[in-house]
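Working notes for the structure below.
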Amino acid sequence: MPPKGFQSSGPSTSKNINSLAPYVRTMPVVIDAMLKLANVTSEDVVYDLGCGDGRIVLAAAAQYGASGVGIDIDPECIKTARDRVKSSGLQQLVTFKQQDLLTVNLSAATVVTLYLLPESNLKLKDQLRSQLNPGTRILSHSFHMGDWPPDAISEASDAINTYPVYLWRV
């Protein structure tokens, strides 16, 4: 369940049986906290798993010059994300793929962001550990990864809530 105060806005994943989470937008304050905690630079390739409308990889590209790949199973989310990248002028840095997260090759990523359900993070944990190179940073908004202790925890706050942001290094 999303944190209190979050509202779904945008495409719905309810009809996708393979969806690992409903679409719930990530607030700008949380995106900033995630990218800052990861120390994102122009040398990074940021993968956002369950990218929704693409706001995290677009922010990484616009603010830090990082390359980004957004992946979502929902075709409506991918269409929205592709429209957003066209209007942003960041097509040379950011791409979007419609794909099941459990089948994605993550080996090119230097930073991976997640805002999925707790059980979805657990489903991806072994895939993240086996495919990512040493030093790759993984960030999760609001939800941990069970018995895999984070290397750091930060918080992002808005007028209503405080949201945990977890960081792991492979």
Exercise. Within the bounds of segment 113-123, is there any residue that is assigned to a helix (DSSP H, G or I), modelled with pLDDT under 95, more than 22 Å from residue 36 (Cβ to Cβ) and among the hydrophobic types (A, V, I, L, M, F, W, C)?
Worked result: yes
Exercise. If you go through segment 136-143 one residue at a time, do you hit one that is open to solvent by 20 Å² or more (accessible area, probe 1.4 Å), within 26 Å of residue 65 (Cβ to Cβ) and not in a strand (DSSP E or B)?
Worked result: no
Exercise. Of the residues 61, 108, which single one is on the phi < 0 side of the Ramachandran plot, outside any strand (DSSP E or B) and buried (at least 22 other Cβ atoms within 10 Å of the Cβ)?
Worked result: 61
Exercise. Taking segment 144-160, which residues are free of Cβ contacts under 8 Å to residues at least 12 places away in the same chain and either closer than 22 Å to residue 25 by Cβ or not in a loop (DSSP other than H, G, I, E, B) (or both)?
Worked result: 159
For this session: Would you point out which residue out of 60, 108 is modelled with pLDDT of 95 or more and within 21 Å of residue 158 (Cα to Cα)?
Result: 60
For this session: Could you please let me know if residue 94 is touching a residue at least 60 places away in the same chain (Cβ under 8 Å) and within 18 Å of residue 61 (Cβ to Cβ)?
Result: no
Exercise. Among the residues of segment 27-39, is there at least one that is open to solvent by 40 Å² or more (accessible area, probe 1.4 Å), modelled with pLDDT under 95 and out of contact with any strand residue (DSSP E or B) (no Cβ under 8 Å at 6 or more places or on another chain)?
Worked result: yes
Problem set entry | Odd one out for residue 95 among (1) in a strand (DSSP E or B); (2) in contact with an Asp or Glu (Cβ under 8 Å, 6 or more places away or on another chain); (3) surrounded by fewer than 22 Cβ atoms within 10 Å (Cβ to Cβ) | (2)
Exercise. Could you list, in sequence order, the residues of segment 64-92 that are more than 19 Å from residue 35 (Cβ to Cβ), part of a helix (DSSP H, G or I) and open to solvent by 30 Å² or more (accessible area, probe 1.4 Å)?
Worked result: 75, 76, 79, 80, 82, 83, 86, 87
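The values are calculated or read from the model by the stated rules, or taken from the named source; none is laboratory data. Because the structure is predicted, anything quoted here is derived from the model rather than measured. We place every Cβ from the backbone using ideal geometry, glycine too, and count neighbours over all the protein chains shown. Please note that ligands, DNA and RNA were not included when accessible areas were found on the heavy atoms of the full protein model with its side chains. Shrake-Rupley method; radii C 1.70, N 1.55, O 1.52, S 1.80 Å.
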